[in-house]
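Down below is the structure, laid out as structure tokens.
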């Protein structure tokens, strides 16, 4: 059976196998569990009530993970219907889900790496001004470069999930100031054993000053001090090397699918 999540404990099995994505799913569920119109986490459960496939569905992207075997028929049909709507631009998925999706759709593929850190990082002495979960509007002025758009609806939803995440102890939003906000980093989600660091962004004119490394190290140490393993995904090879210098290690790959369309021979 596939259903909109109604119990956060259903995500425990995902978090066991996928700490990074489990943290992101957990954050989304905690932020919107009491607001079903905005909740986007779907789970497919077996006859024992255990969840084995997990879907986070936004208006233009999907995260599909099935760490205990291939997704079932209901989940596959649900995903197919979403893609058929024509608005889905990309899907992030694991090996089991990829094995099913490649038979249903044509797409371009990237393999992305998940990385983790095992210990605290030495923090350089600095005069940086860092605000912990401070002015959300300032943080948006930096973070919006990730979205490539400035629509009010995008900003409003981003701010809503961030405010709820911070208030509910799921998220931590940091902004670094150099006259104004120039860099952001976020602990987007937390589970019992892990946390996901996302949205590490520096304005173009302020890059190569160590700001992103500094905030990443701060987020890393916060999670280590909470006895959680920090996880993140580098945006590209250059960023990956930065994380390696900080002490992060590559752990596992996942698939990023884009330019998605149904296979012609299925129509």
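No lab work stands behind these numbers, since they all come straight from the coordinates. Predicted model, so just to flag it, every value in this text is computed and none were measured. Note: ideal-geometry Cβ built from the backbone for every residue, glycine included; neighbour counts use all protein chains shown.
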Residues of the range 1-26 with backbone N under 14 Å of the label point set 7 Å from the Cα of residue 47 along Cα→Cβ are 1
5 Å binning of all Cα-Cα separations within the range 1-153, expressed as whole percents from 0 upward: 1, 7, 15, 17, 19, 15, 11, 7, 4, 2, 1, 0
Cβ-Cβ FRET estimate between residue 80 and residue 250, R0 fixed at 30 Å, reported to 0.05: 0.40
Specify the residue with the greatest mean-square fluctuation among 252, 209, 17, computed from a Gaussian network of the chain linking alpha-carbon atoms under 10 Å apart. 209
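Using per-residue counts of other Cβ atoms within 10 Å, averaged over each peptide, order 234-247, 21-34 from highest down. Before the final figure, lay out each step's value.
Values: 234-247: 13.9, 21-34: 22.9.
So the peptides 234-247, 21-34, ranked by packing, come out 21-34, 234-247.
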What is the distance, in nm, between label points placed 7 Å from the Cα along the Cα-to-Cβ direction at residue 131 and at residue 242? 2.1 nm
Comparing 65, 136, 147, which has the greatest mean-square fluctuation in the GNM of the chain with Cα pairs linked when under 10 Å apart? 147
Take the chain, connect every pair of alpha-carbon atoms lying under 10 Å apart with a spring to form a Gaussian network, then pick out the residue of 91, 197, 109 with the largest mean-square fluctuation. 109
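Would you kindly calculate the mean projected area, averaged across all directions, of the convex hull enclosing the Cα atoms of the range 64-211, in square nanometres?
On the way: hull surface 47.5 nm².
That works out to 11.9 nm².
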For every helix of n ≥ 4 consecutive DSSP H residues, a contribution of -39,500 (n - 2.57) applies; sum these over the chain, divide by its total residues, and give [θ] at 222 nm rounded to the nearest 500 deg cm²/dmol. -10500 deg cm²/dmol
Please work out, to two decimal places, the log10 of the ratio I(q)/I(0) at q = 0.19, 0.21 Å⁻¹ from a Debye calculation in which every Cα of the range 130-169 carries one identical scatterer. -0.54, -0.65
Which residues among the range 39-62 fall inside the zone where the amide N is under 19 Å from a point 7 Å beyond the Cα of residue 104, along Cα→Cβ? 40-46, 51-62
I'd like the orientation of helix 95-104 relative to the chain: the angle between its Cα long axis and the longest Cα principal axis, in ° from 0 to 90, rounded to 10. 50 degrees
Shape metrics for the range 138-253, restricted to C-alpha atoms - Rg then Dmax, Å: 14.0, 39
Antiparallel %, DSSP beta bridges [both residues in the range 118-247], to 5: 85 percent
